[in-house]
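The values are calculated or read from the model by the stated rules, or taken from the named source; none is laboratory data. Not measured: the values here are computed from a predicted model. Cβ sites come from the backbone with ideal geometry, for glycine too, and all protein chains shown count toward neighbours.
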């Protein structure tokens, strides 16, 4: 892989190298070999993840990270550059075929090989940046967390991820999305008593009784705390409901699965306590939970990044791997090209101008 080529050409090469989750070896090899050829970087390979760092003794260290895997192909394996004024061979998210800007299509163009191209160009071009840099290219983000390369490195080699500020180049439409919400799934259990439906008064219908749980969710008023000037709106949604025994049996149990998105000023333990209070009187089981990530925009490196890029800053609604950096006391933001609503779609693309602008912004920040 030649990192000296044009940014768009490099992005095309990344798209044209298959790297479905669990099959990232060829791309990891190409990235590792290209980075090892750069004398200003120290490179470590961990599984199919690659970490490359400068050691210039700067006052601050910035981590720039991105996952190298994609979801399975939907027939969009090869990169395709469509110029403004052409008619795209595939529809965009709105079903509109008219193209008014240069767009790069292909598997991972949005999520997130365009972001990887920016990372690699920075790694190649910035031989004497004003901050020490660590570039992380990790596998298996698109699948279960137990296989996530960044998670593994954070747990087994946390020294590789030490820094003052981190940027995760997930698609964010070219604006900064700071921190992220925490997430939790719980099961709320409603008990009843079985009976024959012909004598239903002898039982207690758990499905009927579950209306109380749904009423409590409907009446829930979300917290909207402001952190570093950003408002994080919490959420509570019933996402699954199961119950029933047979067509002639009064059901004795209903389980409602509830997803709670909580602001990063709360821990998962505090979020759980809130849910237990909300569903007082019912059995509650925690299925899974992930901590949120504070934006940390008051940290010097983060504040300088916002100032130099001039980017809009939004709170991140949702959970991303920035939380893994926060767990290591490294504030982190999402900042990458392309509209995240296009991720995982057959017609995903990245606007070329957005890639070029973000490369220029980050170079200006790291060279000033």
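A few notes on this one:
- Residues in the range 91-115 that are at pLDDT 70 or above and in a loop (DSSP other than H, G, I, E, B): 101, 102, 106, 107, 108.
- Filter result for residue 318 (buried (at least 18 other Cβ atoms within 10 Å of the Cβ) and not in a helix (DSSP H, G or I)): no
- Matching entry among 234, 272 (being surrounded by 19 or more Cβ atoms within 10 Å (Cβ to Cβ) and within 30 Å of residue 162 (Cα to Cα)): 234
- Selection count, the range 252-300, where residues are in a strand (DSSP E or B), touching a helix residue (DSSP H, G or I) at 6+ places or on another chain (Cβ under 7 Å) and at pLDDT below 95: 3
- Top-ranked residue of the range 38-55 - restricted to ones that are assigned to a loop (DSSP other than H, G, I, E, B) and either touching a residue at least 12 places away in the same chain (Cβ under 8 Å) or touching a strand residue (DSSP E or B) at 6+ places or on another chain (Cβ under 6 Å) (or both), ranked as farthest from residue 161 (Cα to Cα): 38
- Pick from the range 10-27, criterion part of a helix (DSSP H, G or I) and in contact with a helix residue (DSSP H, G or I) (Cβ under 9 Å, 6 or more places away or on another chain), ranking: farthest from residue 142 (Cα to Cα): 10
- Lone unmet requirement of (1) farther than 20 Å from residue 323 by Cβ; (2) free of Cβ contacts under 8 Å to residues at least 40 places away in the same chain; (3) out of contact with any strand residue (DSSP E or B) (no Cβ under 8 Å at 6 or more places or on another chain) for residue 240: (3)
- Here residue 135 fulfils each of the conditions (1) assigned to a strand (DSSP E or B); (2) surrounded by fewer than 21 Cβ atoms within 10 Å (Cβ to Cβ) apart from (2).
- The residue that is nearest to residue 240 (Cα to Cα), counting only those in the range 256-269 that are surrounded by fewer than 17 Cβ atoms within 10 Å (Cβ to Cβ) and touching a strand residue (DSSP E or B) at 6+ places or on another chain (Cβ under 7 Å), is 257.
- Single residue of the range 321-368 satisfying the filter (assigned to a helix (DSSP H, G or I) and under 17 Å from the mean Cα position of the chain (by Cα)) that is surrounded by the fewest Cβ atoms within 10 Å (Cβ to Cβ): 341
- Residue satisfying condition, being at pLDDT 95 or above and out of contact with any strand residue (DSSP E or B) (no Cβ under 6 Å at 6 or more places or on another chain), within set 156, 146: 156
- Of all residue pairs spaced 6 or more apart or on separate chains, those with beta-carbon atoms under 9 Å, a first member in the range 211-233 that is in contact (Cβ under 8 Å) with a residue 40 or more places away in the chain and a second member that is surrounded by 14 or more Cβ atoms within 10 Å (Cβ to Cβ) and in a helix (DSSP H, G or I) are 216/278; 217/278; 220/278; 223/274; 228/302.
- First in the range 71-90 and modelled with pLDDT of 85 or more, second anywhere and not in a loop (DSSP other than H, G, I, E, B), Cβ under 6 Å, 6 or more apart: 72/20; 79/12; 79/15; 80/105; 81/104; 82/103
- None of 247, 200 is modelled with pLDDT of 95 or more, surrounded by fewer than 18 Cβ atoms within 10 Å (Cβ to Cβ) and part of a loop (DSSP other than H, G, I, E, B) except 247.
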